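Below: one structure, written as structure tokens.
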Amino acid sequence: MKNPVIIFGANALGRSAREIFEGNGNVVYCFLDDNKKIHNTEIDTVTVLGSTDDDGFLKLIGKKCEAFVAIDDTKFRKNLVTMLQEVRHVQPVNAIHATALIPASAEIGHGNFLDAGVKIGVGTKVASHCLVHMGVVIGAEVTIGNFVQIGAGSIINSGVEVEDEAFIGSGVTIVSGITIGKGARVGAGSVVIAPVKAGETVFGNPAQSINSK
């Protein structure tokens, strides 16, 4: 990647992304963040130059700069990604830590965050705009949809399918062959031994539904 990167979000995730990009030899041009109180301040030597809708900086994306969306909130992240795709005609770049282990047979989409110590198995597919935090282990032939979040230290065993927009908390274990439905949520520390329906929230060992009846 030759162009500097503009990071959307001057938060903990944005700081981690900056560390990844600079560790990989890339230049971070600036942060953009909607908190006006931090505009024109420096975070880890990178300046917060404006808001996420600042057209003066958005015009640089696709010409002189790349973009990365470091926003935890899925709805907000989707809106920013859509804007970049439809207005700037670009895809956000991946932020992949130098210590992440990704085999040649794995497929990685666009705009993903893969933090330190992430390990991905052979034949696994990670779609786009996912947040995979520190130390996550994803086994062989796993399918991860778009806008999925996986908390630190989780283990996803072989053959699992995690559908779009699912949220998996920290320290979760998912046994082989399970499907986690679209928009489902798995609480931290859970052990998932049965499929999770779309939109369902589960927690515990073994994980059980806690959705309101």
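What follows draws every value from the coordinates through simple rules; no lab data is involved. This structure is a prediction, so every number in the text was calculated from the model and none was measured. Using ideal geometry, Cβ is built from the backbone for each residue, glycine included, and neighbour counts are taken over all protein chains shown.
Legend: ranking of residues D164, D55 from fewest to most surrounding C-beta atoms inside 10 Å; resulting order D55, D164. Distances between placed amide hydrogens fall under 5 Å for E107 paired with T124, K125, V126, all partners being 5 or more residues away or on another chain.
Amide H contacts for T201 (H built 1.01 Å from N in the peptide plane; partners 5 or more residues away or on another chain; cut-off under 5 Å): R185, I210, N211. In terms of its Cα atoms, the stretch 94-203 spans 33, 21, 20 Å along the principal axes, sorted from long to short. The convex hull defined by the C-alpha atoms of the chain has an orientation-averaged projected area of 11.7 nm².
Straight-line cross-link partners of K2 among the lysines, defined as a Cα under 25 Å from its Cα and at least 8 positions apart when in the same chain: K59, K63, K64. Helix 74-86 and the longest principal axis of the Cα set of the chain meet at an angle near 50°. When the inverse distances between all different Cα atoms of the stretch 5-92 are averaged and flipped, the Kirkwood radius reads 12.8 angstrom.
Each of T82, T173 has some number of other Cβ atoms within 10 Å of its Cβ, and from fewest to most they run T82, T173. For the stretch 147-157, 3J(HN,Hα) computed residue by residue from phi via the Karplus equation (6.51, -1.76, 1.60; θ = phi - 60°) reads 6, 8, 10, 10, x, 4, x, 6, 10, 10, 7 Hz, glycine and proline entered as x.
When each of R18, R185 is scored by the number of other beta-carbon atoms lying within 10 Å, the sequence from fewest to most is R185, R18.
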